[in-house]
Each structure stands twice: as structure tokens, then as C-alpha cells.
Amino acid sequence: MSDLIERAADILAKAKYTVALTGAGISVESGIPPFRGKGGLWEKIDPMKYAHIDAFLEDPETVWDVLIKNMKMVLDKARPNPAHTSLVDLERLGLLKTVITQNVDGLHQVAGNQDVIEFHGNFAWQRCQTCDQVIATADVDLTHIPPHCSCGGILRPDCIFFGEMIPPEALHRSQQVSAACDVMLVIGTSAMVQPAATMPFIAKDNGAVVVEINPEPTPLTNHISNLPLLGDAGTVLPRLVAAVEQRRDAS
Ligand code: OAD
């Protein structure tokens, strides 16, 4: 492992344009459970029953009760962990240009990253189904479920449900930066959900080195990742950043 981290640091320290693609795993050490695998949310609830747009349109009260209220409780308490702050360090070193995240927890922005593409939206906001007004989740009155907008419409998180389109601008920019980068860090994603999982392929096809950080192998590990760093993001990323800083100091 140490050897792989040193090799990844050699490449990162010389890179001109690094992009990170992150998934639920980067926020596990902030207390947010992942979707798949051990302790994953989809082990407890069926996403087609509670996280699909058709389920929400049919029965918003149940989806608020089973999924959204609980997400709010978990996300309210979550704070950035050392993996998030390491990505801020990489940005301050002038190496990391953009974070593409599938997460809706907003923790990259709280940590301090400046350019974050929110592929699946952001839970910090609720949008009215009827008039499209956007309201901070913190200001939503949860005494009545589902909560309503002042116009009478039902509020929904400003995130993507299954069965919905990725915001076109987020998709377009993600494809652009993936094609432009010379290093892609793929952190804490099972790489099972499209189209986000295509980004490492775009990066690799355009000549980038793919560095994957995940305690478990994924479909990318043996095919796309040049350097699979097997471990928790909160441990591996600070070590990687320290190794990059050493190289910067020495040059
Ligand atoms: P998943 O839950 O599918 O995968 C989480 C990944 O994080 C797994 O590969 C774990 O091995 C890894 N992991 C767990 N702990 C980790 C740690 N401490 N450090 C690093 N990695 C760790 O999450 P995503 O790939 O983000 O979409 O899922 C993609 C999308 O599927 C989500 O955005 C969500 C979900 O359905 C929507 O809700 C639309």
C-alpha cells in the first residue's frame, strides 16, 4: 500500500489537471451510511419503492416519512472528515481543479472546495413541485408531512430521484472535465450507477491516470484504475496529500 501511495503521489505532484469523482464512501466517516454494501441504505429500504420519482409522485407522504425525514436527521449532524479536507488541501496546492460528486450532503463545499459539480443535486434545498420555488431545507416546517410551499405545492428535495434526468449542465461539465484531466481520483463510489460511473472511462480514454480509493474492489478496479489504493478515504487521502506535499517541498 505504501508503495502504491508513493507512486500515486509521484503522478499527482506532476499533474496539471486533477479531477476527483466522489461517492457515498467519502462521507461514511462523517457518519452518513452508503447506499450499497455493508450497512447500506438500500439493504434497509427498497429504492424503487421509496427513492423513485414515481413513488414520490404517487405517495409523497410515505417517501417523506421513510426516506427524506431520516436523511435530514443524518445529514444535519454530518461534518466534513479528513478525506474531505484532504481534497481542499489538494485544491490549495493548485492540483485539484474540480470535484464531481454524486453526494447530496454538500460536505465538499462545507470543507472548502471551490468548484464542485453536484451530479445528483443537493439536499440542502427543497423545491416546490408546483411553482419551482427553492427553500433551504433548514427552513422547512416538518410538523406536517409532506411539507408544503406557501403556494400550496408539495416540497421535494432538490436532488435526483431514480427515474429522473441528471441536470444537463452538471452532466455536460462533468464530461468536459473528465475528458480534460490528466489524473482522476475516484473516491468512495461503487461505480454502479450511470451516468456518473462513465466518468472514469472518459478520463482513461483521454489519457488520464485513474487513482481509485476504496476499501473494496469495484467494477473499475481491475480494468480502469491504474492505481487502486485499497483503504478508507479518511486514512488514505491524508497520507497521499502528505506524500505530495513532501515532493512539492523537495522541488
Ligand atoms: P454506494 O453506496 O453505491 O458505494 C459506496 C462505496 O463506498 C462502496 O464502493 C464502498 O466500498 C465505499 N466505501 C465505504 N466506506 C468507505 C470509506 N471509508 N472510504 C472510501 N470508500 C468507502 O455509493 P455511490 O457509488 O455514491 O444515487 O452510489 C451512487 C448513487 O447510487 C448515489 O448517488 C445514489 C445511489 O442510489 C441517487 O440517489 C440518485
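Quick rundown of the values:
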read-out: Test: residue in the range 188-206 that is touching a residue at least 40 places away in the same chain (Cβ under 8 Å) and more than 16 Å from the chain's Cα centre (by Cα); value: yes
read-out: Answer from ALA170, ALA179, ALA124 - the residue that is touching a Phe, Trp or Tyr at 6+ places or on another chain (Cβ under 7 Å) and of a type in the set (A, V, I, L, M); value: ALA170
read-out: Count - residues of the range 1-56 that are surrounded by fewer than 16 Cβ atoms within 10 Å (Cβ to Cβ) and in contact with a Pro (Cβ under 8 Å, 6 or more places away or on another chain); value: 2
read-out: Selected residue [of a type outside the set (A, V, I, L, M, F, W, C) and closer than 25 Å to ALA203 by Cα] from ASN70, ASN81, ASN103; value: ASN103
read-out: Helices (runs of 4 or more DSSP H) within the range 8-113 that include 1 or more residues within 16 Å of the ligand (Cβ to nearest atom), closer than 30 Å to VAL209 by Cα and in the same structural domain as CYS181 (by TED's automatic domain parsing); value: 82-92, 107-111
read-out: Complete set of residues in the range 194-216 that are part of a loop (DSSP other than H, G, I, E, B) and either surrounded by fewer than 18 Cβ atoms within 10 Å (Cβ to Cβ) or at positive phi (or both); value: GLN194, PRO195, ASN206, GLY207, PRO215, GLU216
read-out: Extreme residue, farthest from the chain's Cα centre (by Cα), among residues of the range 235-245 that are buried (at least 20 other Cβ atoms within 10 Å of the Cβ) and within 13 Å of the ligand (Cβ to nearest atom); value: LEU240
read-out: Residue in the range 142-163 that is more than 14 Å from the chain's Cα centre (by Cα), among the polar types (S, T, N, Q) and closer than 30 Å to LYS16 by Cβ present; value: no
read-out: Some residue of the range 72-82 being polar (S, T, N, Q), touching a residue at least 60 places away in the same chain (Cβ under 8 Å) and surrounded by 23 or more Cβ atoms within 10 Å (Cβ to Cβ); value: no
read-out: VAL236 vs. criteria in a helix (DSSP H, G or I) and either farther than 16 Å from THR22 by Cβ or touching a strand residue (DSSP E or B) at 6+ places or on another chain (Cβ under 6 Å) (or both); value: yes
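The values are calculated or read from the model by the stated rules, or taken from the named source; none is laboratory data. From a predicted model like this one, the values you see are computed outputs, not experimental measurements. For neighbour counting, all protein chains shown are included, and Cβ atoms are generated from backbone atoms with ideal geometry for every residue, glycine included.
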